[in-house]
Amino acid sequence: MQWKRVLRHLFTDQWSVRRAFPPAAMRAIRAKIGEQERRHGGELRFAVEASLPLLHLWRGQDARSRAVELFGQLRVWDTEHNSGVLIYLLLADRRVEIVADRGIHNKVGGTAWEAVCGEMQRAFAAGRFEQGVSFGVAAISDLLATHFPRDEGDANELPDEPVVL
């Protein structure tokens, strides 16, 4: 177990999330998700977690495995066209992960998600959290609009509200 990582997780709390994403930023992210989802037939979720519990750290859980776990818990996989995408930020590790359902992942591939994550992480490293998420939502929406254009009957299947864990 890496002690520096454990200390980061112990000292990154809900106040850290609130400093990075004050209420106005969360409202802007919710609005951005809603706005972008009107362009395509996909579904976006944004989840931010301050830190992992010590038991998860002890077991060696990383941001990717946590994101996959949340993809299921938040039911992002449960969309009509298999076009759900989760953006997950583990604040203590400053790691962003994108988990996409098979419908969109098979069309886009991992390289596209890695590029979006890289840009978002650069924004986060500079302290531009809201802008980083907004960039990610727009970039993912561009991919979704290309592969899952909006149909007249498309409904909003998942909440647009950011999730704070």
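What follows is calculated from the coordinates using simple rules that are stated; it is not laboratory data. Since the model is a prediction, treat every value here as computed from it, not as a measurement. Counting neighbours? That spans all protein chains shown, and the Cβs are built from the backbone with ideal geometry, glycine included.
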* Structure fact -> Counting only residues that are within 17 Å of G34 (Cα to Cα) and in contact with a Lys or Arg (Cβ under 6 Å, 6 or more places away or on another chain), the range 121-147 contains a total of 4
* Any residue in the range 72-79 that is in contact with a His (Cβ under 6 Å, 6 or more places away or on another chain), surrounded by 15 or more Cβ atoms within 10 Å (Cβ to Cβ) and of a type outside the set (S, T, Y)? -> no
* Kindly check whether there is at least one residue in the range 7-29 that is free of Cβ contacts under 8 Å to residues at least 60 places away in the same chain, surrounded by fewer than 20 Cβ atoms within 10 Å (Cβ to Cβ), under 23 Å from D151 (Cα atoms) and under 17 Å from the mean Cα position of the chain (by Cα). => no
* Structure fact -> Given (1) surrounded by 16 or more Cβ atoms within 10 Å (Cβ to Cβ); (2) within 20 Å of Q36 (Cα to Cα), R95 misses just (2)
* To do: Restrict the check to the range 145-156 and report whether at least one residue is in a loop (DSSP other than H, G, I, E, B) and in contact with a Ser or Thr (Cβ under 7 Å, 6 or more places away or on another chain).
  => yes
* Give me the pairs: first residue in the range 50-62 and within 17 Å of S16 (Cβ to Cβ) and in contact (Cβ under 8 Å) with a residue 40 or more places away in the chain, second residue of a type outside the set (K, R) and in a loop (DSSP other than H, G, I, E, B), beta-carbon distance under 8 Å, and six or more apart or on different chains, which are they? -> A50/T12; A50/D13; A50/L165; S51/T12; S51/D13; L52/Q61; L57/M1
* Test: residue in the range 68-84 that is closer than 20 Å to A126 by Cα and of a type in the set (S, T, Y) -> no
* Asked: Going by the conditions given, is R45 in a helix (DSSP H, G or I) and either basic (K, R) or in contact with a helix residue (DSSP H, G or I) (Cβ under 7 Å, 6 or more places away or on another chain) (or both)?
  -> no
* Structure fact -> Taking the range 74-113 and keeping residues among the hydrophobic types (A, V, I, L, M, F, W, C), over 30 Å from R18 (Cβ atoms) and in contact (Cβ under 8 Å) with a residue 60 or more places away in the chain leaves I104
